[in-house]
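Student: Just dropping this structure here.
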Amino acid sequence: MDNKRIPEHIAIVMDGNGRWAKHRSLPRLAGHNAGMIALKEIVKRSSTLGVKHLTVYAFSTENWKRPKDEVGGIFKILVYYVNKELDELYENNVKVGILGDYSKLPKDAVEKLEEALAKTKNNTGLQFHIALNYGSRREILEAAKHMAIEVAEGRCRSEDLTEEMMSSFLYTKNIPDPDLVIRTSGEQRLSNFLLWQSAYSEFVFTDVYWPDFTTSCLEEAISEYQGRIRRFGGIK
Ligand code: IPE
Ligand code: IPE
Ligand code: MG
């Protein structure tokens, strides 16, 4: 890995918590708990590597389909770790952000997350974005509705709408598009994650389950990214 060519924005689909647990004959929630421990190390390493933005997919708009106990447990684990790690995140100059409509989460989770947002809002280091109740299609639809309102209320002509305007109505407003998207657990799909934003991202898929994803796995993914040639439709 070349320490001077670190991607500015890394996005991760943290998948495989359930299968990690199953392989150990543990309940699925033990996998989600182990996933949080893995995440802590990845946040720290991203920060020391000089990554500017780390986005992690923690809960999708489709994950509500899961049994109530699992959904409730995931948010309990989230509250536990945000509470436990917030001081250290703050000390490490990490700025926390959320992508998605987190107002629909349980009340204690909303409160804890808002505390994290408020406490770290002036930090200038790694921007750590957590996608919670996030779905890219919904995000794009909401942005399209905003644009329709701009037109209906006469602030913009439909022919003048731009990609930049669309981007400015997404949750990722002010965040550059991900350079590298990593998905763990062997699945090779986006599952409604950053559809608009990943138009020219590089993808790295690994069979490792998320709880087993170590800082060296991260460095390996970065190194694979560094070997890619990004053309953005042009020629090199
Ligand atoms: C990812 O792990 C975490 C969430 C989706 C919340 P999974 O829970 O999807 O794990 P698998 O895919 O069942 O192994
Ligand atoms: C994607 O994983 C969502 C998160 C990692 C939060 P899923 O496990 O929900 O995705 P599918 O169902 O396998 O596509
Ligand atoms: Mg999964």
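Student: On the accessible surface of the range 1-132, probed at 1.4 Å, how many percent belong to carbon and sulfur atoms?
Tutor: 51
Student: Between rounded, prolate and oblate, where does the range 1-120 land on the alpha carbon gyration tensor, with a ≥ b ≥ c its root eigenvalues, rounded for a/c under 1.5, else prolate if a/b exceeds b/c?
Tutor: oblate
Student: Sticking with this one: Return, ordered by residue number, the residues of the range 162-180 whose backbone nitrogen is under 13 Å from a label point located 7 Å along Cα→Cβ of Arg230.
Tutor: The answer is 176-180.
Student: Ok, one more. Taking amide hydrogens as modeled 1.01 Å from N in the peptide plane, which residues meet the under 5 Å criterion relative to Glu202, leaving out close sequence neighbours?
Tutor: Counting only residues 5 or more places away or on other chains, the set is Leu180, Val181.
Student: Something else now. Could you give the distance between the Cα centres of the range 144-190 and the range 22-64, to the whole Å?
Tutor: Result: 25 Å between the Cα centres.
Student: Another question about this same structure. Going 7 Å from the Cα of Arg19 toward and past its Cβ, which residues in the range 151-183 have a backbone nitrogen under 19 Å from where you end up?
Tutor: So the set is 181-183.
Student: Going through the cross-link list Lys76/Lys112; Lys65/Lys145; Lys44/Lys95; Lys44/Lys84, which pairs have a Cα-Cα distance over 19 Å in this structure? Could the numbers behind the result be given before it?
Tutor: On the way: Lys76/Lys112 11 Å; Lys65/Lys145 26 Å; Lys44/Lys95 12 Å; Lys44/Lys84 15 Å.
In this structure, Lys65/Lys145 lie more than 19 Å apart at Cα.
Student: Could you tell me which GluC sites (Glu not before Pro) in the range 58-146 are loop residues by DSSP with no more than 13 other beta carbons within 10 angstrom of their beta carbon?
Tutor: Qualifying residues, ordered by number: Glu62.
Student: From the phi of every residue in the range 20-26, what ³J(HN,Hα) in whole Hz does the Karplus formula 6.51 cos²θ - 1.76 cosθ + 1.60 yield, where θ is phi - 60° and glycine or proline is x?
Tutor: 4, 5, 4, 4, 9, 6, 10
Student: Right, here's the next one. Go through the range 102-113 residue by residue and turn each phi into a ³J(HN,Hα) via Karplus (6.51, -1.76, 1.60, θ = phi - 60°); whole Hz please, and just put x for glycine and proline.
Tutor: Once rounded to whole Hz, the list reads 7, 5, 7, 6, x, 4, 5, 6, 4, 5, 5, 5.
The values are calculated or read from the model by the stated rules, or taken from the named source; none is laboratory data. Quick caveat, the model's predicted, so the values are computed rather than measured. No Cβ is skipped: glycine too gets one built from the backbone with ideal geometry, and neighbour counts run over all protein chains shown. Keep in mind that these areas ignore ligands, DNA and RNA; they rest on the heavy atoms of the full protein, side chains included. Shrake-Rupley method; radii C 1.70, N 1.55, O 1.52, S 1.80 Å.
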